[in-house]
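The values are calculated or read from the model by the stated rules, or taken from the named source; none is laboratory data. Here the structure is a predicted model, which is why all the values come from computation and not from measurement. Cβ coordinates were reconstructed from backbone atoms using ideal geometry, including for glycine residues, and neighbour counts include every protein chain displayed.
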Amino acid sequence: MAKETKIYVSPLVERNASRQMAELFGPAKKFGTWRRLWLELARAQKKLGLDIKQTQLNQMKRNLDDIDYRKAAAYEKKFRHDVMAHVHTFGDIAPKAAPIIHLGATSCYVGDNADLIIMREGLSILAGKTACVIDRLGRFARSHRSMPALGFTHYQPAQLTTVGKRASLWCYEFVMDLKEIEYRIETMPFRGVKGTTGTQASFLSLFGGSDAKVRRLDEMVAKAFGFKNRCAVTGQTYQRKIDMQVANSLAGIAQSAHKMCNDVRLLANLKEIEEPFEKSQIGSSAMAYKRNPMRCERATGLARLVLSLASSPAMTASEQWLERTLDDSSNRRVAIAEIFLAVDGILEILINVTGGLVVYPKVIAARVKSELPFMATENILMAAVKAGGDRQQLHEKIRVHSHAAAAQVKQLGKHNDLIARLKDDAAFAKVDLAKVLNAKSYVGRAPQQVDEFIKDEISPIRRKYRQCLSRTVELKV
């Protein structure tokens, strides 16, 4: 919980996101990255022949993280320009370099490139956490691969599945999400060194009209930050469509989390599966017996926030005028950071939940037992026919007994007594009802599907992200 304060503190930071993600979108990372971008620009310019001294570069390098935020705030109040405020703040502590800091660049050189660097790093963090969720769900699915469970369609009883197969459905969506995130990391372009309207005119002037040196400058700076791809062309900013693509990738995680957590909440109501519940945890301030699925509820709430925020980058991308307009800035400062923080919070919750799901086999078996007689009627019919019975007569008997048993359940609130009725009917005397009612005979290839899914999809992820899989999460509240 936050210390008593008079100002608003974002619950995304206070209650949900990890410190690692909160720091990634904090001022030290942002403005430290700006300074590193200025340093790499100057280094490349020196290598390409501009009159930049090594002493200037050394002074910049020594002061990359020594940022006077009060001074920067005072400059910004004076200039009404955040980038120029930090140019001057950097120049004050690296005075030898002051004349060449931001040389030929526009504000988006540091602003946009830093955003891309930070988003790529954020995606890498989320990839590791998504892999951790996949690993835990895979372990859960393997442990319960053969446990028959009642399947539902339209939230009505359907054919049987297994607890492990259902978990593999949750897991596969996260596998799809991870592949999408990996694609974004691999293909994310660097804005690069493009100038005020993307024409590189200022750099062409600095290098005396050398087209080759300007192209080389762009390549060198991108390589310094580990980017294989650069925007083919830009206006003043990189295409805001990139933000939309990243946001949609993160919205995919939110969708998967919402689906899984809703399922756990439904199963908790049925008393089949529950999220972890700590010894001293209180489910309700009034109803002491309750075990509310508060972690999954929190995850679904955050997921809805992400889904709503994800529409904002799309609208921003469509709203950009010609080479750029500044109405993107105030929106992006909030929307992008909060999408990452919220998804990070969701994954923190899911790592905690999937590492401690509680299964109640007897409740699951009892629900299977209550519905299986209806599902088994076709097999019972076939067995009775093989024993010498008349198919049409047997069908009518099963129909009558089934309706009577259903009335016992729906109208009188009693147990399903269909099997007892069939046992008392001489027409089914030769049928081994116990054998026909073996639940494992009705789960199809569910156990084998779980094995194949783990082998084909989860095992490669485990190998790739093995250093991320031991992560544990203690939720803040």
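Some observations on this one:
- A Cβ distance below 6 Å, combined with a sequence gap of six or more or placement on separate chains, defines the contacts here; from the range 20-47, residues that are over 15 Å from Arg333 (Cα atoms) and in contact (Cβ under 8 Å) with a residue 12 or more places away in the chain reach residues that are small (Gly, Ala, Ser) and crowded, with 17+ Cβ neighbours inside 10 Å in the pairs Thr33/Ala114; Trp34/Ala114.
- Scanning the range 390-405 for residues that are in contact (Cβ under 8 Å) with a residue 12 or more places away in the chain and not β-branched (Val, Ile, Thr) yields Gln393, Leu394, His395, Lys397, His401, Ser402, Ala404, Ala405.
Conditions (1) under 30 Å from Gln245 (Cα atoms); (2) touching a residue at least 24 places away in the same chain (Cβ under 8 Å); (3) polar (S, T, N, Q); (4) buried (at least 22 other Cβ atoms within 10 Å of the Cβ), marked per residue:
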position: Asn63; (1), (2), (3), (4): no, yes, yes, no
position: Arg80; (1), (2), (3), (4): no, no, no, no
position: Val83; (1), (2), (3), (4): yes, yes, no, no
position: Ala94; (1), (2), (3), (4): no, yes, no, yes
position: Ala98; (1), (2), (3), (4): no, no, no, no
position: Ser107; (1), (2), (3), (4): yes, yes, yes, no
position: Gly128; (1), (2), (3), (4): yes, yes, no, no
position: Cys132; (1), (2), (3), (4): yes, yes, no, yes
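- Taken over the range 187-223, the criterion of being in the same structural domain as Ser256 (by TED's automatic domain parsing), under 30 Å from Asn248 (Cα atoms) and touching a residue at least 40 places away in the same chain (Cβ under 8 Å) is satisfied by Thr187, Met188, Pro189, Phe190, Arg191, Gly192, Val193, Lys194, Gly195, Thr196, Thr197, Gly198.
- Residue among Lys430, Lys423, Lys414 that alone is in contact (Cβ under 8 Å) with a residue 40 or more places away in the chain and among the basic types (Lys, Arg): Lys430
- Which listed residue, of Leu357, Leu307, is under 30 Å from Tyr238 (Cβ atoms) and at pLDDT 90 or above: Leu307
- Filter pass, Asp115 being modelled with pLDDT of 95 or more, charged (D, E, K, R), surrounded by 22 or more Cβ atoms within 10 Å (Cβ to Cβ) and more than 25 Å from Gly226 (Cα to Cα): no
- In the range 379-393, the residue that is nearest to the chain's Cα centre (by Cα) out of those that are under 21 Å from Asn438 (Cα atoms) and part of a helix (DSSP H, G or I) is Asn379.
- Selection count, the range 57-69, where residues are within 36 Å of the chain's Cα centre (by Cα) and part of a helix (DSSP H, G or I): 2
- Qualifying residues in the range 428-476 (those that are of a type in the set (Val, Ile, Thr) and surrounded by 14 or more Cβ atoms within 10 Å (Cβ to Cβ)) - the one nearest to Val13 (Cα to Cα): Val473
- One residue alone among Glu323, Glu348, Glu371 is surrounded by fewer than 20 Cβ atoms within 10 Å (Cβ to Cβ), of a type outside the set (Phe, Trp, Tyr), touching a residue at least 60 places away in the same chain (Cβ under 8 Å) and assigned to a helix (DSSP H, G or I), and that residue is Glu371.
- Selection status of Ser318, under 18 Å from Ala247 (Cα atoms) and not assigned by TED's automatic domain parsing to the domain that holds Leu24: yes
- Of all the numbered requirements in (1) surrounded by fewer than 19 Cβ atoms within 10 Å (Cβ to Cβ); (2) of a type in the set (A, V, I, L, M, F, W, C); (3) at pLDDT 95 or above, Ala232 misses one, and that requirement is (3).
- Residues in the range 326-345 that are among the acidic types (Asp, Glu) and buried (at least 24 other Cβ atoms within 10 Å of the Cβ): 1 in all.
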